[in-house]
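Report on one structure; see the data block that follows.
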Amino acid sequence: MHCDNLLTETTSHLQRKHTWDAGRDTVFDVAIIGGGIKGAHIYHQLCEAGYRTVLLEKGDFASGTSQASCMMIWGGLLYLANWDIATVWKLSSARNVLLRTMPNCIRKQTFRYYPQHISPLKRRLFQAVFRGYGLFGPNPWNRAASSRPMTHPDLSHTDRAPLPLIVDEAMVGPSDARFVLQLILRHQGPDHVPLNYCEVEGGQFDHRHHVWNLQLHDKIHHIRSEWKARCVINVAGTATDSLNHLFGIDSPYRHILSKGVSLILTRNPRHQAPAIYDSEGTVMTYLPWGPVSIWGPTETIIKDPSRGWLVRSDEIQFLLRELRGHLPIP
């Protein structure tokens, strides 16, 4: 067993060293910085289109925000509130393409939405909106699914809770991080190079040869060298602005960052479908995932990305209050 592990480690070491040596002599069409969900999907699309592409991630793939999501794929329902039909159509179309082309890791998922404290007239309006939204779904003429009267088996306050509205969306499976990896690992070769634990330490555009010169640091073998790419895509998540600064790009735009904290609960076997609770201006989701259920999230503005992983006691208390208000969980 020890020998097998040693052989695998040695083989992996040699493969990475060979990839690194070959990459230094290659001019890539595109270098993508950031190995999360955005970087992975762009990498997948470019590789499918035949572009010579390298994906660079300073940590492990999907090690940031992309492994801390609730795994839901929305089609733009919230944009209907502003009648932004174009955005709803665009996002729903993208969701439907994922459902059609990646059936092994993306599935259609029914959500139950519980609107709180609405009049009968407003409820009828909501039903009409949900039926209309059903036209953007993968089965547009199955509109009966968009407002079926159903009760939630875990809802304790059935005497005062409204019947849910039903909407079909999508979810990734079995997890968000594995979904990212499936997109990346299907493309590996001389022209399609995914590199984790590879940090971009600088970059300059060579106007004479029309290429970017990227200073890379292999954090596993502690090698530094320069790679070349004709185009660079910055999808570094919370590090996007700092990476622009590293490249000397003075963008007039800045990202406003927020964090979402959720509670992990032992799943009641009867909890089979995700539920969404509208509660005084905020939205809580109750999501079944294997042996657990996920309750949340919060929405807290932060200035320092490193603080996005810190959980405050008041955030926990907020989630517990919302939990007690909707579900029979002590």
- Note on the structure: Ordered by fewest other Cβ atoms within 10 Å, a rough proxy for footprinting exposure, GLU199, GLU169 read GLU199, GLU169
- Just report the Cα centroid separation between segment 207-249 and segment 16-36, whole Å. 11
- Message: Could you sort the peptides 15-25, 46-56 by per-residue average Cβ neighbour count (10 Å cutoff), highest mean leading?
- Response: 46-56, 15-25
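Rounding to the nearest 20 debye, state how big the charge dipole of segment 265-330 is about its Cα centre with +1 on each Lys and Arg Cβ and -1 on each Asp and Glu Cβ.
240
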- Per the charge dipole of segment 170-242 (beta-carbon charges, Lys/Arg positive, Asp/Glu negative, Cα centre), the residue among ALA177, VAL200, GLN188 reaching farthest to the positive end is GLN188
- Partner aspartates and glutamates for LYS108 [C-alpha distance under 16 Å; skip if fewer than 8 residues away on the same chain]: ASP168, GLU169, ASP176
- Item | Set of aspartates and glutamates near LYS259 by C-alpha distance (under 13 Å), chain-local residues within fewer than 8 positions excluded | GLU299, ASP304, GLU315
- Proximal lysines to LYS17, defined as alpha-carbon separation beneath 29 angstrom and excluding residues fewer than eight positions away on the same chain: LYS38, LYS58, LYS219, LYS228
- Message: For volume of the Cα convex hull per residue in Å³, pick the label among (i) 180; (ii) 206; (iii) 222 that corresponds to the value derived from the coordinates.
- Response: (i)
- Note on the structure: If every Lys and Arg gets +1 and every Asp and Glu gets -1 at its Cβ, then about the Cα centre the chain yields a dipole, in debye to the nearest 20, of 1100
- What whole number of Å gives the distance from the Cα centroid of segment 173-206 to the Cα centroid of segment 256-316? 28
- Task: Please name which of THR298, LEU56, LEU165 has its Cα lying farthest along the dipole of the chain towards the positive end, using unit charges on Cβ (Lys, Arg +1; Asp, Glu -1) and the Cα centre as origin.
- Result: LEU165
- Message: Between helix 313-326 and the chain, what is the angle of the helix's C-alpha long axis to the longest principal axis, kept within 0 to 90° and rounded to the nearest 10?
- Response: 40
- Within 10 Å of each residue's Cβ, count the other Cβ atoms and sort TYR253, TYR197, TYR43 from fewest upward. TYR253, TYR197, TYR43
- Once both axes come from the Cα atoms, what is the angle between helix 120-134 and the longest principal axis of the chain, in degrees from 0 to 90, rounded to 10? 40
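The numbers here are math on the coordinates, done by the rules we state, and not lab data. Everything quoted here is computed from the prediction, not taken from an experiment. Ideal geometry is used to build each Cβ from the backbone, glycine not excepted, and the neighbour counts take in all protein chains shown.
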